[in-house]
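Asks: Provided herewith is a single structure, encoded as structure tokens, for subsequent inquiry.
The values are calculated or read from the model by the stated rules, or taken from the named source; none is laboratory data. What you see is a predicted model; the values in this text were computed from it and never measured. Here the Cβ positions follow ideal geometry from the backbone for every residue, glycine too, while neighbour counts run over all protein chains shown.
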Amino acid sequence: MDGTTHPATPPVLILLGPPGAGKGTQARMLEERFGYVQLSTGDLLRAAVAAGTEAGLAADAVMKAGGLVSDQIVIDILRDRIAEADCAGGVILDGFPRTTVQAEALDVLLGETGQQIDAAVSLEVDDAAMVERISGRYTCAGCGEGYHDSFKIPAKAGVCDSCGGNEMKRRADDTVEAVGARLEAYHAQTAPLITYYDGQGVLQRVGAMGPIDEVATTLGRVVTEATTPA
Ligand code: AP5
């Protein structure tokens, strides 16, 4: 201890987990509860594809096949987004990093701004259940709120609870083939990050097979503990 008080830096939380683990669902709930900004590289890449940018054109086919987009493209997109003003109060990284190269790049990026990772949460689920979760998933085209044919149904069929929009959409990579490839990519390239963050002393494991609200309660407790100064 040097006796001086150091200013708290904006919280940085990472959600790790295979496709369908609930990263997006939980990140949106944390955003609402704590005010940190959800940064989903999947959403950022889908926006780049829709806008037809150079990065989007390069990412499109890889995403449809269920592979991982190149580290450089993803790191560049994340670096630009995290520098925006709304991220100054803290961020929830949803789907990033996904490789050791990305994790190391994030360490360098945060080092430049004096920030640190408060918690890397591994959402722990069974692969078999993930196919069911993903194949039943759809989102509101207007605000991005997520729903599921069985697990999360809007109060009025076809109408978004959050924004009242009535256009729902399903993702191009939610096919059985692509989901298989995405699970494979997760186990080969992303799961090693669990050990990486355990080594940094920031890993938290949260069981994510229970109902959405139950997972949210546990996760909220983990985030509160991780972001409360000792
Ligand atoms: P991305 O968009 O990140 O997709 P993903 O990781 O495959 O994850 P998902 O969005 O499918 O699942 P989720 O964990 O968010 O679950 P959700 O909350 O939606 O990435 C897509 C692609 O982009 C990648 O394949 C890759 O090509 C590329 N990409 C992205 N980031 C990259 C990176 N860093 N590097 C390289 N490439 C990258 O939940 C799923 C469904 O289950 C929903 O319907 C939900 O309502 C329901 N549900 C959620 N929780 C529960 C629960 N507890 N019980 C019951 N149902 C639940």
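Asks: Taking the options 161, 173, name whichever one is buried (at least 17 other Cβ atoms within 10 Å of the Cβ) and part of a loop (DSSP other than H, G, I, E, B).
Replies: Going through 161, 173 in turn, just one is buried (at least 17 other Cβ atoms within 10 Å of the Cβ) and part of a loop (DSSP other than H, G, I, E, B): 173.
Asks: Scan the stretch 203-225 residue by residue and report those that are closer than 15 Å to residue 13 by Cβ, within 15 Å of the ligand (Cβ to nearest atom) and hydroxyl-bearing (Ser, Thr, Tyr).
Replies: 218 - this is the single residue of the stretch 203-225 that is closer than 15 Å to residue 13 by Cβ, within 15 Å of the ligand (Cβ to nearest atom) and hydroxyl-bearing (Ser, Thr, Tyr).
Asks: Only residues that are over 14 Å from the mean Cα position of the chain (by Cα) and under 16 Å from residue 92 (Cα atoms): list them for the stretch 37-80, please.
Replies: 75, 77, 79, 80, listed by residue number.
Asks: Moving on. Looking at (1) surrounded by 15 or more Cβ atoms within 10 Å (Cβ to Cβ); (2) near the ligand (Cβ under 10 Å from one of its atoms); (3) modelled with pLDDT of 90 or more, which is the only condition residue 135 fails?
Replies: Residue 135 satisfies every listed condition except (3).
Asks: Does residue 180 meet the test of being in contact with a helix residue (DSSP H, G or I) (Cβ under 6 Å, 6 or more places away or on another chain), in contact (Cβ under 8 Å) with a residue 12 or more places away in the chain and small (Gly, Ala, Ser)?
Replies: For residue 180, the condition - in contact with a helix residue (DSSP H, G or I) (Cβ under 6 Å, 6 or more places away or on another chain), in contact (Cβ under 8 Å) with a residue 12 or more places away in the chain and small (Gly, Ala, Ser) - is not met.
Asks: What number of residues within the stretch 50-60 are within 10 Å of the ligand (Cβ to nearest atom) and surrounded by fewer than 19 Cβ atoms within 10 Å (Cβ to Cβ)?
Replies: 1
Asks: Please find, within the stretch 30-41, the residue that is farthest from the ligand (Cβ to nearest atom) out of those that are crowded, with 20+ Cβ neighbours inside 10 Å and in a helix (DSSP H, G or I).
Replies: Per the stated criteria, the residue is 30.
Asks: Next up: If the requirement is being more than 10 Å from the ligand (Cβ to nearest atom) and surrounded by 18 or more Cβ atoms within 10 Å (Cβ to Cβ), which of these qualifies: 121, 125?
Replies: Testing whether each residue is more than 10 Å from the ligand (Cβ to nearest atom) and surrounded by 18 or more Cβ atoms within 10 Å (Cβ to Cβ) leaves just 121.
Asks: Here's a follow-up. Residue check: is residue 175 more than 16 Å from the ligand (Cβ to nearest atom) and modelled with pLDDT under 95?
Replies: no
Asks: Between a residue in the stretch 67-88 that is more than 7 Å from the ligand (Cβ to nearest atom) and any residue that is of a type in the set (A, V, I, L, M, F, W, C) and not in a helix (DSSP H, G or I), which pairs come within a Cβ distance under 6 Å, given they are 6 or more apart or on different chains?
Replies: 78/96; 81/39; 86/37; 87/37
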